[in-house]
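Encoded as structure tokens, the structure appears first; notes follow it.
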Amino acid sequence: MHILLYLVAIVGTVVLGLASKWVDRVATARVQWRVGPPWFQPLADVCKLLGKETLVPETASRVTFLSAPLIGFAGAALAAAVLWVSNLSGSGFV
């Protein structure tokens, strides 16, 4: 049950992050008297970024270079999930 709650917290954090980025971009566009991006633009930006070619420097360790962003994302996702679960459960730490 706790794992499902952590997964929901991670997905919720991603959705809230994409939504807040979209609101920020729309507000910035409105201040500049422009229309602004459609609602799915942050998701399209992420998909485009994931489709880019990965260039690994010749002097870098390939495994370390490619696993570093995954480790960072895992840490951020875990921190977000722990914060959501501890705040929503009301009992402090889970």
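The values are calculated or read from the model by the stated rules, or taken from the named source; none is laboratory data. Small disclaimer: the values here were computed from a predicted structure and weren't measured. FYI the Cβ positions are ideal-geometry reconstructions off the backbone, even for glycines, and counts take in every protein chain you see. Quick note on the areas: whole protein, heavy atoms, side chains included, nothing else; ligands and nucleic acids left out. Shrake-Rupley method; radii C 1.70, N 1.55, O 1.52, S 1.80 Å.
Overview of results
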item	result
Euclidean distance of C-alpha centroids, the stretch 34-48 and the stretch 49-84, integer Å	23
Extended-chain gain in nm, criterion 0.36 nm per residue less alpha-carbon gap, Arg62 and Trp39	4.7 nm
Lys/Arg +1, Asp/Glu -1 at C-beta; the chain dipole; positive extreme among Trp84, Gln41, Phe73	Gln41
Helical segments meeting 24 Å axial Cα length and Kyte-Doolittle -1.0 threshold in the chain (DSSP H)	2-31, 62-89
Longest DSSP-loop-exposure-free segment, trypsin sites (Lys or Arg not before Pro), the chain, at most 12 other Cβ within 10 Å	53-94
Accessible solvent surface per residue of the chain, calculated while the other protein chains remain in place, 1.4 angstrom probe, Å²	82
